1. How high is the relative contact order of the chain? Use alpha-carbon pairs under 8 Å, at least six apart in sequence, and give a whole percent.
2. Of the options Thr164, Tyr138, Leu234, report the single residue whose Cα projects farthest towards the positive end of the charge dipole of segment 121-248 (beta-carbon charges: Lys, Arg +1; Asp, Glu -1).
3. Separation between the Ser140 and Phe102 pseudo-spin-labels, each 7 Å from Cα along Cα→Cβ, expressed in nm?
4. Considering amide H positions built from the backbone, and no H for Pro or chain starts, which residues 5 or more places from Gln57, or on another chain, come under 5 Å of its amide H?
5. What is the Cα coordinate range of segment 54-142 on the first, second and third principal axes, sorted by size from largest, in whole angstrom?
6. Between Ile77 and Ser240, how high is the FRET efficiency from 1/(1 + (r/R0)^6) when r is the Cβ-Cβ distance and R₀ = 35 Å? Nearest 0.05.
7. For segment 58-172, with every protein chain kept in place, what is the accessible area per residue (1.4 Å probe, Å²)?
8. How would Lys181, Lys47, Lys28 line up by accessible area, probe 1.4 Å, largest first?
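The values are calculated or read from the model by the stated rules, or taken from the named source; none is laboratory data. These numbers were taken from a predicted model, which means no experiment stands behind them. Neighbour counts run over all protein chains shown; Cβ positions are idealised from the backbone, glycine included. Just the protein is used for accessible areas: all its heavy atoms, side chains included, with ligands, DNA and RNA removed. Shrake-Rupley method; radii C 1.70, N 1.55, O 1.52, S 1.80 Å.
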Amino acid sequence: MEVESVLVTGANRGIGLEFVRQLVELPKPPRFVFATYRDWNTVEALKKIRDAFKETQVILIKMDIRQADQIESARKIIEDMVGDKGLNLLINNAAALRWVGFPEITEEDLLFHFSTNTVGQVMVLKAMLPLLQRAANYKSGGMNASRAAALNISAKGGSIEQLTEQTPKEFLQIMGYRTSKAALNMAMRVVALTVKGTGILVVNMCPGWVKTDMGTERAYLELTESISSMLKTLPQLNESHHGTFLDRNGKTIPF
């Protein structure tokens with residue numbers, strides 16, 4: 001995969017941070033990696049990557065995906081940097097999770113998850129769509145991640161079909177998270193069908209249960225393995241994967 005520009009949201013920790021780390025270490029790394037964060041006090045690891053890798057320009061951008069003005073400010077920064085070449089790859093990663101089930105669930109909890117995991121990701125893609133379109137127009141050929149793509153980090157927990165009576169009861173305690181990820185899957189399916197024919201590839205992908213602050217140490221998958229698998233899968237995606245829901249290795253997950 002050869003991309004000139006990548007935007008990674010929620011890049012100051014966990015999956016987002018590891019994406020940035022592995023992107024700059026690619027044999028042919030991006031020229032620009034735009035890495036967003038919410039709190040400047042949490043960007044030490046990002047700054048170390050920025051300072052250590054000179055072949056890629058890592059640009060740190062403050063952006064809360066729930067704040068329209070911050071999304072717009074980020075878009076302007078990216079547009080000024082990429083120009084007519086546009087943005088090749090959006091890794092729509094920023095998300096949140098709380099452990100609350102039913103009937104303890106509250107309206108506030110549901111709205112918290114929905115605003116971050118669904119609305120936020122849709123609004124980021126909406127704002128970056130013109131830049132992705134520029135990238136798609138700049139290169140010819142079919143749909144692929146090197147041309148123009150939006151990779152939305154979803155979760156198998158958002159699969160309605162895979163939630164059965166055999167699911168461990170404890171995993172019902174992330175009701176807001178599951179609901180918001182199911183909504184994200186539908187939202188991005190709508191987006192994919194809407195932008196079909198523009199050259200912009202839209203895919204939802206589950207990284208697996210990863211050992212992060214969100215995934216906890218109980219998770220079975222190391223960060224490095226999850227992200228390396230996704231970066232190996234990305235270059236293999238094409239028109240046939242547009243609007244699909246995949247695991248990190250490219251296998252289809254039922255909606």
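1. Taking the mean separation of contacting Cα pairs over the length of the chain, I get 19 percent.
2. The listed residue farthest towards the positive side: Tyr138.
3. Placing both labels 7 Å beyond Cα along the Cβ direction yields 5.3 nm.
4. Hits under the 5 Å cutoff: Phe32, Val33.
5. Cα extents, longest axis first: 51, 30, 25 Å.
6. FRET efficiency, Ile77 to Ser240: 0.55.
7. Dividing the accessible area of segment 58-172 by its residue count gives 48 Å².
8. Ranking Lys181, Lys47, Lys28 by accessible area, largest first, yields Lys28, Lys47, Lys181.
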